[in-house]
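Each remark here refers to the structure printed beneath this line.
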Amino acid sequence: MVNVGLFVRIEAEPGHEAAVEAQLKAALAHVEAESGTVVWLALRLGPGIYAVVDAFPGEADRQAHLEAGRTRLAEALEHFAHPPTLERTDVIAAKIPSLGA
């Protein structure tokens, strides 16, 4: 069950789209190691516009994910047109497949 989430909107600096996408793809390995991150998606919304959507069972897991990603985010700021916007969300409904069951 997931109860809380994050929605992060990222705008790449013009010409830095490939670097932003590479950073997002590289983040997957780190996120897979986080047992409390139940859902994690990196999305391209349009040219140079990206979003990360993730969901967690509770606030402690969400906070642990934020702390783990803080350094990676700081290393990528030069590739962003402006700092990413981060919205804390409540999950009101979800369909999450049980993988490996």
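General observations
- From the options Glu67, Glu78, residue that is among the acidic types (Asp, Glu) and either assigned to a loop (DSSP other than H, G, I, E, B) or over 23 Å from Glu13 (Cα atoms) (or both): Glu67
- Residues being closer than 13 Å to His16 by Cβ, surrounded by fewer than 15 Cβ atoms within 10 Å (Cβ to Cβ) and either in contact (Cβ under 8 Å) with a residue 60 or more places away in the chain or aliphatic (A, V, I, L, M) (or both) - total across segment 45-92: 4
- Among the residues of segment 4-35, the ones that are more than 18 Å from Ala76 (Cβ to Cβ), of a type outside the set (A, V, I, L, M, F, W, C) and loosely packed, with under 15 Cβ neighbours inside 10 Å come to 2 in all.
- Of everything listed in (1) at pLDDT below 95; (2) under 21 Å from Val4 (Cβ atoms); (3) of a type in the set (A, V, I, L, M), the single unmet condition for Ala60 is (1).
- Meets criteria (in contact with an Asp or Glu (Cβ under 8 Å, 6 or more places away or on another chain), at pLDDT below 95 and farther than 22 Å from Ser98 by Cβ) for Ala76: no
- With respect to being assigned to a loop (DSSP other than H, G, I, E, B) and among the aliphatic types (A, V, I, L, M), Val20 falls outside the description.
- Some residue of segment 76-84 being of a type in the set (Gly, Ala, Ser) and farther than 22 Å from Val4 by Cβ: yes
The values are calculated or read from the model by the stated rules, or taken from the named source; none is laboratory data. None of the values given here were measured: they were computed from a predicted structure. All Cβ positions, glycine included, derive from the backbone under ideal geometry; neighbour counts span all protein chains shown.
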